[in-house]
Each structure stands twice: as C-alpha cells, then as structure tokens.
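> Input: one structure, supplied below.
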Amino acid sequence: IVHVDYIKRALLRISQKNYKGAFIDIGILKKAGVNWPVIGHAEGLIAYQQNNYDLAQTHLEKVLSKDPDYYPSQLLIGLTHFKKGNYQNAVQKLQMYLSVFPDAHQANFIYAASLLKLGRILDSIPILEKLDKSQPHDFRVLSLLGNAYIQNNQTEQGIQILHKVVELEPDIARSRLQLGAALLRDKSGLIVAQQELIKAIELDPELLQADLALYMSYMRNKDFLNAGKVALQLKQKQNKTTLGS
C-alpha cells in the first residue's frame, strides 16, 4: 500500500512538472526493489515532457520488452516516435494501441497526423472526419483535416474547414498562413488570401513562410510595388535571423 502511494504521488508530481519530487519517489520505489512497469513508464513520461525523446524511447522500450501489453507505454512510445519524426514507427505503435482502444482521441489524432506525414492522405481523412464528428470544435483536428483536403485536391472543402479554424483560434498565425495559402489556389480568393497572410505576419513576424507566400501572391498579380516592399521586409528579417544565429 505504501508503494502504491509513492507511485501515485510520483505521477501527480509529474503532472505538476515537479520532476525532482517525482524522481525522489521513483528512487524510493526502485531502492525497495519494486519493478512495476509504471515506474519505467513514469521515467519515460518525465523524459518525454522534458523533450528528451531519445531517453523517453529508451525507458519505454525497456518497459515494453518486459510487458508488451502495457498500454500506457504503447501510447507514449507512439507519441515519442512522432515527435522524433519516425512516422512509420509511430503508425505501427499506435495501431497496436488503437486495436484495444479504438476511440482514443489523442492516439487517433497522432495516428492520422503520422499518416499524413507519410503521404497516406486517403487513409488519414476518414480518421480525421470521425474525430471532427466526436469533437467538432477541436481546432487541431480541423486544421489537419483542412490540410488533408487541400492535399487531396478537395480545395473547396479544405478552405471551408480552414475558415472554421481561424474563427475558432483567430490569433494563431499558422492557421492564417494555412488559410491564406489555400485561398491562393483560387484567383477569386486572392484578396482575402493576402489579408490572411498580412494578419499572419502581424501575429508572428518571424513566420517567414507568410512573407514569402505574400510576396508570391503580389508577383502573381503583377503588383510589383507591394511585392518589392514585402521582399525588402523579408530580406531584413532574414538578415536579422542570420545575425542572431
């Protein structure tokens, strides 16, 4: 019972980002000879939250080597592979987890995101559509779904979704950039696209992709005066970035 209290407190401390306290509890348990999978999982969770994904993977693989069906570590190692850019591994690990918990929102979201990264657009869209139905105001799902539609040449549907994303989270620069870039595909949406890109730049001046997209939109419309202004602005930002690095 005492050991259970220690691991519960360790997990609570991890949720509070009190990693030093969590390590104290974990150390007491390990010194006492407790070797539950949750202990290694807790160590992996700390490493994951500290963005040390290699160490997280090491801890989680050790847990799963002893207990392949320890589901929390199955999920977390899938998320870890995604963070590391190992999208095929993320898909494999998350498939195992989703075979037991098919409706897990986070797992499905990262699974769909991994499929998109692998170019498996048609596989990702049904998953994202299902997530959107279950949680229709999740802007992250909508953003991914809009992007998937655009990649699948369902431009009109993608733009409609991306408009919803901007309505839900108007202060996220990347959402504005995503919508602006999608609108550039349609000449009739050029003015609105430029407005979205300008807003993106205002929200995040370091988002150079927005400057570049805006420059290209002006050049496409033969608005050389504004194109020159944006080009100068982009050059100044790039010089500043180079000097800062």
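The values are calculated or read from the model by the stated rules, or taken from the named source; none is laboratory data. Not measured: the values here are computed from a predicted model. Every residue, glycine among them, receives a Cβ derived from its backbone with ideal geometry; neighbour counts consider all protein chains shown. Note: accessible area is taken over every heavy atom of the protein model, side chains too, but ligands, DNA and RNA are not part of it. Shrake-Rupley method; radii C 1.70, N 1.55, O 1.52, S 1.80 Å.
> Counting Lys and Arg as +1 and Asp and Glu as -1, each charge on the Cβ, what is the dipole of the chain about the Cα centre in debye, to the nearest 20? The partial results should precede the final answer.
Details: 29 positive and 23 negative charges, 121 e Å.
That gives the chain a dipole magnitude of about 580 debye.
> Under the Karplus relation 6.51 cos²θ - 1.76 cosθ + 1.60, θ = phi - 60°, what is the ordered set of whole-Hz ³J(HN,Hα) values for region 117-133, x standing for Gly and Pro?
Along region 117-133, the couplings run 4, 8, x, 8, 5, 5, 7, 7, 4, x, 5, 5, 5, 5, 5, 5, 5 Hz.
> With the dipole of region 1-104 worked out from charges on the C-beta (+1 for Lys and Arg, -1 for Asp and Glu) around the Cα centre, which of L45, Q88, P102 lies farthest toward the positive end?
Going by the Cα projections, it comes out as L45.
> Please work out how much length the chain gains when fully extended from E206 to K229, using 0.36 nm per residue of separation minus the C-alpha to C-alpha distance, in nm with one decimal.
6.6 nm
> So for each of 214-220, 229-235 I average, over its residues, the number of other beta carbons within 10 Å; can you give me the resulting order with the highest mean first? Walk me through the numbers on the way to the answer.
Values: 214-220: 18.7, 229-235: 15.6.
Ranking the peptides 214-220, 229-235 by packing returns 214-220, 229-235.
> Give me the percent of the accessible area of region 158-245 that comes from carbon and sulfur atoms, probe 1.4 Å, all protein chains in place.
So the carbon and sulfur contribution to the accessible surface is 56 percent.
> While we're looking at this one, here's another question. In debye, nearest 20, what is the charge dipole magnitude of region 99-184 about its Cα centre with +1 on Lys and Arg Cβ and -1 on Asp and Glu Cβ, if you could check?
Values: 8 positive and 9 negative charges, 42 e Å.
Here the size comes out at about 200 debye.
> Write down the accessible area per residue of region 156-211 in Å², having rolled a 1.4 Å probe over the full set of protein chains.
Heavy-atom SASA per residue in region 156-211 reads 52 Å².
> Along the charge dipole of the chain, Cβ charges K/R +1 and D/E -1, which of G180, L76, P136 sits furthest on the positive end?
Sorting the options by dipole projection puts first L76.
> With an 8 Å Cα cut-off and a minimum separation of 6 or more residues, compute the relative contact order for the chain in percent. If you can, show how the numbers build up before the last one.
Working: 288 pairs, mean separation 18.1, N = 245.
The normalised contact order for the chain reaches 7 percent.
> Can I ask one more? Would you list which lysines come within 28 Å of K229, measuring only between C-alpha atoms, while excluding same-chain residues fewer than 8 positions from it?
Correct list for K229: K187, K199, K237, K240.
> Let me ask another. When only Cα pairs under 8 Å and 6 or more residues apart are kept, what is the percent relative contact order across region 111-151?
Computed over region 111-151, the figure is 38 percent.
> Return one whole number: the accessible area per residue of region 1-86 in Å², for a 1.4 Å probe.
Heavy-atom accessible area per residue stands at 55 Å².
> Suppose the chain between L55 and K17 were pulled fully straight at 0.36 nm per residue; how much longer would it get relative to their current alpha carbon spacing? Don't skip to the answer; put the middle values down first.
Numbers: separation 38, 0.36 × 38 = 13.68 nm, distance 1.73 nm.
12.0 nm is the gain from fully extending L55 to K17.
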